[in-house]
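Structure first, then comments.
No lab work stands behind these numbers, since they all come straight from the coordinates. Keep in mind it's a predicted model, so treat the numbers as computed, not measured. No Cβ is skipped: glycine too gets one built from the backbone with ideal geometry, and neighbour counts run over all protein chains shown.
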């Protein structure tokens, strides 16, 4: 897989991690929290593996952030319209996740 493809894949994984963390926090269905938390772990494990494949420069990190935020907006609008959270909070969590992955 080329680096451009890896940016899109990793960006979506980061988006999924952040989206599921936000869903855990703001869900209207408390019975879903355990499932959502297990999804976060699965996506994070996959993201860690993907992140190790390349060296990531600042431009790559910005592209990851853009891909992740677009993914979050799209999925939230389509699949979770009943859950509300600020896009600023999502952006902050994406930045934190990128740092946590040591990119």
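In nm, what is the difference between 0.36 nm times the number of residues separating residue 4 and residue 55 and their Cα-Cα distance?
Numbers: separation 51, 0.36 × 51 = 18.36 nm, distance 1.25 nm.
Length gained, residue 4 through residue 55: 17.1 nm.
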Next on the checklist: Explain nothing, just the number: relative contact order of region 3-100, from Cα pairs under 8 Å at least 6 residues apart, as a whole percent.
Outcome noted: 44 percent
Checklist outcome for this item: Computed curve, region 3-100, Cα-only Debye sum without solvent term, log₁₀ I(q)/I(0) at 0.15, 0.16, 0.17, 0.22 Å⁻¹, is -0.55, -0.62, -0.70, -1.12
Checklist outcome for this item: Relative to the chain, whose Cα atoms define the longest principal axis, helix 3-26 and its Cα axis are tilted in degrees, nearest 10, by 20 degrees
Checklist outcome for this item: Quick calc, residue 92 & residue 41: beta-carbon distance into FRET formula, R0 22 Å, rounding 0.05, result 0.60
Checklist entry - Which angle from 0 to 90°, rounded to the nearest 10, does the C-alpha axis of helix 87-100 make with the longest principal axis of the chain? => result 50 degrees
Checklist outcome for this item: In degrees, nearest 10, the alpha-carbon axis of helix 58-79 is tilted away from the dominant principal axis of the alpha carbons of the chain by 30 degrees
Checklist entry - Taking neighbour counts of Cβ atoms within 10 Å as a proxy for exposure, in what order, fewest first, do 29, 44 appear? => result 29, 44
